[in-house]
Structures are given as structure tokens and as C-alpha cells.
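Shown next, in C-alpha cells, is the structure this report addresses.
The values are calculated or read from the model by the stated rules, or taken from the named source; none is laboratory data. Just so it is clear, the structure is predicted and the values come from calculations on it, not from any experiment. Accessible surface areas use protein heavy atoms only, side chains included; no ligands, DNA or RNA. Shrake-Rupley method; radii C 1.70, N 1.55, O 1.52, S 1.80 Å.
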Amino acid sequence: MHDFCFTIPYGLLLVCGGVIGYGKKGSVASLAGGCGTGMFLVLAGYLSLQAFHKRKNSYIALILETAIAAVLTWVMGQRYMQTSKIMPAGIVAGLSFVMTGFYLYKIATGGNRIPPKE
């Protein structure tokens, strides 16, 4: 599976979470954090998709995706440990942990598999 297949929906989910957090609680931090990280992930996923269309790997996008997911795992994991609230800290930390593992797997296996040209 290609990284952009998961990165773009993951980024959009974070953007939606930030908007919902702002709408429900008026939290500017949720809006900035969710939209900021989500848009960076959508951008990285888009760069990876464009590189795939050119039959190349985008290691810069993959490293950016990994770094963002790892930072979110750490930050939201710390927040979950302090508050014990599943929503949103526990969910984001867990999802980001899984995504970090996926990105590390993609890095270890050489990125996206480019099909042979016919």
C-alpha cells in the first residue's frame, strides 16, 4: 500500500478534528494544531502522489510524514497521560502511533513500490 493512500485521509481527519474542536469548545489551539498538522500531512501526501505519478519515490514527503506522526504521537500521548481522556488525545495518539509505524515500515522497505513500465 502506498503512503499517500493513508496520509491524505489521515491529514484530512486531523483537519476535521481541529475544526470540530474549535466549533465545540472554541479552542484556537485545536484549530491551529489540527489544521496545521493536517494540512502539512495532506501536502506531504500530495507530493508523494505526484512523485508516484512520475514513477519516483518522494523520500522528503515520507520523512515529513514520519516526523509529523511521531511528534503527534509524543504530544498527544503526553496529553492523554495527563488527562486520561480518550477524545481527542488518546485517539490521535493511537492513530499517530500506528501511522508512525506504517511510515517507518515504508522507509525500511524503500518507499512506495513503483510498478514496472509496460
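The table that follows gives values for the structure above.
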{"item": "Relative contact order %, region 23-118, counting alpha carbon pairs below 8 Å whose residues are six or more apart", "result": "27 percent"}
{"item": "Exposure rank, largest accessible area first [Met81, Met76; 1.4 Å]", "result": "Met81, Met76"}
{"item": "Rounded tilt (10° steps) of 59-83 against the dominant C-alpha axis of the chain", "result": "20 degrees"}
{"item": "Sulfur and carbon atoms: percent of accessible area, region 1-66 [1.4 Å]", "result": "74 percent"}
{"item": "Identified option (computed log10 I(q)/I(0) by the Debye sum over Cα atoms at q = 0.11, 0.17, 0.22 Å⁻¹; candidates (1) -0.57, -0.90, -1.12; (2) -0.37, -0.78, -1.16; (3) -0.39, -0.88, -1.29)", "result": "(2)"}
{"item": "The chain, accessible area per residue, ligands and nucleic acids excluded (1.4 Å, Å²)", "result": "62 Å²"}
{"item": "Accessible area (Å², 1.4 Å probe, nearest 10) - Ile86", "result": "90 Å²"}
